[in-house]
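What follows is a short report on a single structure.
The values are calculated or read from the model by the stated rules, or taken from the named source; none is laboratory data. Note that the coordinates shown come from a computational prediction; the quantities given were computed from them, not determined experimentally. Please note: Cβ atoms are built from the backbone with ideal geometry, for glycine as well, and neighbour counts cover all protein chains shown. Just so you know, the surface numbers come from the protein's heavy atoms only, side chains and all, with ligands and any DNA or RNA stripped out. Shrake-Rupley method; radii C 1.70, N 1.55, O 1.52, S 1.80 Å.
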Amino acid sequence: MNPRMVTQQFEQLIFHNVSENGLSVDDVSGRMLKFVAADPRAAYQFVIGTDCQVHRGYTKFVTGIILRRMGKGAWACYRQVVLARELTSVQEKLSLETALSQEAACYFSQETLSRIEDVLLPYLYQGASLETYIDIDAGTQPIVNKTSLYVEDMVNRVKAMGTYGVRVKPDAYAASAYANRHTKRPVRLETSV
């Protein structure tokens, strides 16, 4: 592998979904506010989760951002980060997945969630609500999941943030379903000459 390989850096915050590419944090916030404003009486879950897939020569991480209108659809996007090495440690993978979810959560914690709450507040007694979660792509059954040894550490990291609830498999759909689907496609890594 060329040591001067150009990869996406952790601080690059570009999001995509099935209909749009190159969304900034502000774009994502705007799309979510528009989605909530279309039905402010609904119950919502704002969920962030990351999964990774090891490919030949690199590891691809995908962080999913999902705003789910309970029983009535969702708006979602994802962020892709490529690490120029093949991760083999389950603990390192899970730790980086959790860190990337926490990083994304920090960009939406203050202003965006407050603005969503402002839209929902007048309809609170008509069913409006907002729950926030970070999904950890780990199971708790030692026989089935290699990740079970590290679940408690990752859960404690998310709880320490104070803003987000935490979910693990099988409830962690943002990580284990949405983000996982986008980790499978290989990326073309650019190399410097």
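Annotations for the structure displayed:
- Compactness of the range 3-184 - radius of gyration and Dmax, Cα, Å: 16.5, 58
- Taken about its Cα centre, the range 3-184 carries a charge dipole of roughly 500 debye when the Cβ of each Lys and Arg holds +1 and the Cβ of each Asp and Glu holds -1.
- Across the protein chains, with a 1.4 Å probe defining accessible surface, the residues Asp39, Asp51 rank Asp39, Asp51 from largest area downward.
- Of the residues Asn145, Leu100, Gly64, the one whose Cα sits farthest towards the positive end of the charge dipole of the chain is Asn145 (charges of +1 on Lys and Arg Cβ, -1 on Asp and Glu Cβ, taken about the Cα centre).
- Per-residue HN-Hα couplings for the range 100-115 [Karplus 6.51, -1.76, 1.60; θ = phi - 60°; Hz; x = Gly/Pro]: 5, 5, 5, 4, 4, 4, 4, 6, 10, 5, 7, 5, 5, 5, 5, 5
- Most simply put, the chain has about 70% antiparallel DSSP beta bridges, counting only bridges with both residues inside it.
- Fraction of accessible area attributable to carbon and sulfur, the chain (%, probe 1.4 Å): 50
- Here's the picture: charge each Lys and Arg Cβ at +1 and each Asp and Glu Cβ at -1 in the chain, and of Gly73, Cys52, Pro186 the one pushed furthest to the positive end of that dipole is Pro186.
- Distance-filtered residues of the range 35-59 - backbone nitrogen under 19 Å, label point 7 angstrom along Gln141 Cα→Cβ: none
- Dividing the summed helix terms, -39500 (n - 2.57) for each DSSP H run of n ≥ 4, by the number of residues in the chain produces a 222 nm estimate of -9000 deg cm²/dmol to the nearest 500.
- In the full protein context, the chain carries 52 Å² of accessible surface per residue, based on a 1.4 Å probe and ignoring ligands, DNA and RNA.
- The modelled label-to-label distance between Ser89 and Ile14, using points 7 Å beyond Cα along the C-beta direction, is 3.0 nm.
- Counting only lysines at least 8 places from Lys169 when in the same chain, those with an alpha carbon closer than 21 Å to its own are Lys60, Lys93, Lys146, Lys159, Lys184.
- Converting phi to 3J(HN,Hα) with the Karplus coefficients 6.51, -1.76 and 1.60 and the offset θ = phi - 60°, the range 164-172 yields 10, x, 10, 10, 10, 4, x, 7, 7 Hz in sequence order, with x at every glycine or proline.
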